[in-house]
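K.L.:
Below are the C-alpha cells for one structure; questions will follow.
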Amino acid sequence: MAASREFNDLVQVGAKLQNWLTNPNSKCPLTISTLTLDELKSEGWIVRRETVDLPKEFHNRVSRVGITPEQTTFEQVGAMNVNVYTEWDGIIGPTILIIELVNRAEERKIPANLDGEFPWMSQLIKASYDDDRFALMNLRHIFVDTVVNDETRDFFRDYIYPGYSSEEDRISEAPYKVFEDGTPNFHALLGTRIGKTVVYFLLNAHAPGTRTIQRIVSWVDNYSLHLRFDLDITC
C-alpha cells in the first residue's frame, strides 16, 4: 500500500516526538511533572491504590518480558475526577506499567477556572507510578491493554492488520508485530494518540535524552488490539 498523506503526517509527528525524547538539546516544551496523588486527593479526585494479584490474562504478556507473575507484587492504581469526567486506571509493578483506561474530558468541558491547570493523562500516570514501592527509573515496559482510541485503531486497520476494525467484521486474532525505532511504522504509531500519550508520560517523568523507546510490539487477541512499548536508558 502506498503511503498516504495521513501516514506521512503521522511519521513526521512521531519522529519529532522521538527526537524530543532522545535528544537532550531538542526544544521539547514538556517538563518533568511534580503532580502527586496527595495533591489530586486534596483537589477532590478519587484515587485508587491497592495490592492485587495480576489478572490471568496478563500472565503470558508479562512473562514475555521476563517477569514471573506469581512471584511479583502488583498494584491496581487509578485516579478519577467525577465533576470533570476524567479517569485513568491501570496496573503497575517492578519494571512494568499496564494502561487499562485513559479518558480525559474534552477541552470545552473543562471549567474555565481550571484552564491550563487540569492534569493531562501523562501527568496522572506519572503521579501513580512515582511512589516508594516501584522506582520510576527502572520502568522498562509499558503495555496498553485493549486500545479503544479510534485514531490508533484506524491506523492498525489501514496499515498493519488489514481487516481489523473497531466495528463489524473484526479479526479475532493477529500475530505479534514488532516495530523498531527508526522505521516509518514505528514513527507513525508514535504519531497516533496512544503513541503521543506514552511519549508525553515519559517526558513528564524523565529529562530529554535519558530514555528512548526501542520498539513497539502489537497484537490482536479476542478482537482487541494490544500494544507494548519497550524502553531503554540512554544516559
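K.L.:
In debye, nearest 20: dipole of the chain around its Cα centre with unit charges on the Cβ of K, R (+) and D, E (-)?
P.N.:
580
K.L.:
Follow-up. Given contacts defined as C-alpha pairs under 8 Å and at least six residues apart, what's the relative contact order of segment 5-233, whole-number percent? Don't jump to the answer; show the numbers that get you there.
P.N.:
On the way: 414 pairs, mean separation 64.4, N = 229.
Relative contact order of segment 5-233: 28 percent.
K.L.:
What's the center-to-center distance, using Cα atoms, between segment 53-107 and segment 143-157 in Å?
P.N.:
If we compute the Cα centre of each part, the gap is 17 Å.
K.L.:
Could you derive backbone 3J(HN,Hα) for segment 4-17 from the dihedral phi with the Karplus parameters 6.51, -1.76 and 1.60 (θ = phi - 60°), listing whole Hz in sequence and x where the residue is Gly or Pro?
P.N.:
Karplus values, whole Hz, x for Gly and Pro: 8, 4, 4, 4, 4, 5, 4, 4, 5, 5, x, 5, 5, 5.
K.L.:
Once all Cα-Cα distances of segment 2-102 are split into 10 Å bins that start at 0, what whole-number percent is in each one?
P.N.:
Final binned percentages: 12, 27, 28, 29, 4, 0.
K.L.:
For the chain, the longest stretch holding no chymotrypsin sites (Phe, Trp or Tyr not before Pro) located in a DSSP loop with at most 15 other Cβ atoms within 10 Å is which? Working shown, then result.
P.N.:
Numbers: sites that count: 85, 223.
Between the exposed loop sites, the longest stretch runs 86-222.
K.L.:
Mind checking the log10 I(q)/I(0) for the chain at q = 0.18 Å⁻¹? Debye, one equal scatterer per Cα, no solvent, two decimals.
P.N.:
Result of the Debye calculation: -1.53.
Readers should treat all values here as calculations from the given coordinates under stated rules, not as data from a laboratory. Note that the structure is a prediction, hence the values are computed from the model and not measured. Note: ideal-geometry Cβ built from the backbone for every residue, glycine included; neighbour counts use all protein chains shown.
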